[in-house]
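Trainee: This is the structure, below, for whatever I ask next.
The values are calculated or read from the model by the stated rules, or taken from the named source; none is laboratory data. Predicted model, so just to flag it, every value in this text is computed and none were measured. Cβ placement follows ideal geometry from the backbone for every residue including glycine, while neighbour counts extend to all protein chains displayed.
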């Protein structure tokens, strides 16, 4: 809600990073909820045009979902494109391109 609804990205990022840390502390990081926290943080970072940071969290979430048989998100066709387009994300992160998406 902080990220998507209110666009309070820093506050949302802090809450999501805390959620991920809590799941890791409780050895629950490899569950659907751990994946969902990572996916939500990746979305938050993506919305801030922090694509390189987002990529790692998308990959972690995808790995968890695929290894646990978790969710249709693991088979999201747009995710493959996002994860394989690393060079475009680097250019956008550095602000060298005219299109920052």
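Trainee: Which of (1) in a helix (DSSP H, G or I); (2) modelled with pLDDT under 85 is the odd one out, the single condition residue 30 does not satisfy?
Mentor: Going through the list (1) in a helix (DSSP H, G or I); (2) modelled with pLDDT under 85, residue 30 breaks only (1).
Trainee: Testing residue 17 on (1) buried (at least 19 other Cβ atoms within 10 Å of the Cβ); (2) farther than 23 Å from residue 95 by Cα; (3) at pLDDT 90 or above, one condition comes back false. Which one is that?
Mentor: (1)
Trainee: A further question on this structure: Taking residue 23 as the residue in question, decide whether it is modelled with pLDDT of 80 or more, surrounded by 14 or more Cβ atoms within 10 Å (Cβ to Cβ), farther than 25 Å from residue 91 by Cα and in contact with a helix residue (DSSP H, G or I) (Cβ under 7 Å, 6 or more places away or on another chain).
Mentor: So residue 23 passes the test.
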